Amino acid sequence: MQEEVVIVKKTRVLGHLAVLLTMTVWATTYVSSKQLLAVFTPSQILVVRSTLGLLVLTLINHKPLVYAQRRDRLLVALAGFCGIFLYYFLENTALLFTSASNVGVIVAAAPFFTLLASHLFLKEEKLRKNYFVGLALSMSGIVLLTFTSTEEVAFNPKGDVLALLAIMVWALYTVLTRVIGRKGYPNLQVTRNMFFYGLLGHTLVLLISGQGLPLALVIQTPYLYHFLFLGLIASAFCFLTWNFGLRTIGPIKSSFYLYLSPIITIAVAVTFLSEPFGQLDAIGTALTLSGLLISEYRSRGV
């Protein structure tokens, strides 16, 4: 009995470490995406990224996933559509209209929507007063982040709204992954199949929009390095570690690691992209993170 408890504790520690590593990597992906968006469209980037991720996962394990029920295949397809296709399409499109720093901070508000989705669909969490107080603070911060504090204050809501929609979709993906994880399917094979359905979505958008895929440009440096980072590390590897974390420590605790996202993203964006970080940005970031901390305080029942 004690050995089982020790194994469970070690597994949970590994789950926390896996999610922490995932968030650290994902917080830097906005920089690579921003660099690639200067040359490629969001659909072109995501087709290459998803193809690389699917290729690696297939090489690791090519055995087909046998579903116990037809409904489970639909759940995996829906999760792939939400998490691999729609979330990244909205996020990359948002980067065309707003800064990487803004997107990083807005995405950090995902725990609110994950908590809400878990309450509605999984019945795992109760919504109390602190949730709404924290939500109000963070939303106020996000509103401030739609202003860019350059020489003139410019309103750029389009990208920030798209980023907000992206994290709503991510909350749904998190819940779906939690439901699928309870069914006992192998994590690697489930993640691989999600990538397949996500790639279908990206390819469909690419075809409908009439965009080509400039492979000769993809393999040029430094673009190739950004694609390898996004496809192999941020996609294939990190989705495995994220889904493992969801299975071991749950969607709520996993999502709270998103607190680190804006700090890392802003530091990297200011350092490598020379993005401005003015007074409104600082106030907006502080409000968003304060709201998130209040939500965490509530969730732990302190």
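In sequence order, the stretch 218-231 has phi-based couplings of 4, 7, 7, 7, x, 4, 4, 5, 5, 5, 5, 5, 5, x Hz under the Karplus curve 6.51 cos²θ - 1.76 cosθ + 1.60, θ = phi - 60°, and Gly or Pro positions carry x. For the peptides 176-184, 58-66, 202-210, the ranking by packing is 176-184, 202-210, 58-66, with the highest mean count of neighbouring Cβ atoms within 10 Å listed first.
Work the Kirkwood hydrodynamic radius out for the stretch 206-259: mean of 1/r over every pair of different alpha-carbon atoms, inverted, in Å. It works out to 13.7 Å. If you take the Cα centroid of the stretch 178-248 and the Cα centroid of the stretch 104-118, the two points sit 21 Å apart.
A simple charge model with +1 on the Cβ of Lys and Arg, -1 on the Cβ of Asp and Glu and nothing else charged puts the dipole of the stretch 21-128 at about 280 debye relative to its Cα centre. Summarising the overall dimensions of the stretch 53-110 from its C-alpha atoms, the Rg and Dmax are 15.8, 44 angstrom. Short to long, the 10 Å bins of the Cα pair-distance histogram for the stretch 20-69 hold 20, 35, 31, 12, 2 percent of all pairs.
With the cut-off at 1.5 for a/c, could you classify the stretch 1-98 from its C-alpha gyration tensor as rounded, prolate or oblate? It is oblate, given that a/c is not under 1.5 and a/b is not larger than b/c. Length, then width, then depth: along the principal axes, the Cα atoms of the stretch 181-221 run 41, 28, 9 Å. Probing with 1.4 Å while keeping every protein chain in the model, the per residue accessible area of the stretch 5-75 equals 54 Å². For the stretch 194-208, 3J(HN,Hα) computed residue by residue from phi via the Karplus equation (6.51, -1.76, 1.60; θ = phi - 60°) reads 4, 4, 4, 5, x, 5, 4, x, 5, 5, 4, 5, 4, 6, 5 Hz, glycine and proline entered as x.
Measuring how big the stretch 160-263 is from its alpha-carbon positions, Rg and Dmax come out at 16.0, 43 Å.
The values are calculated or read from the model by the stated rules, or taken from the named source; none is laboratory data. Please read these numbers as outputs of a predicted model, since none were measured by experiment. Quick reminder, even Gly has a Cβ in these numbers, built from the backbone with ideal geometry, and neighbours come from all protein chains shown. Heavy atoms of the whole protein, side chains included, go into the accessibility calculation; ligands, DNA and RNA do not. Shrake-Rupley method; radii C 1.70, N 1.55, O 1.52, S 1.80 Å.
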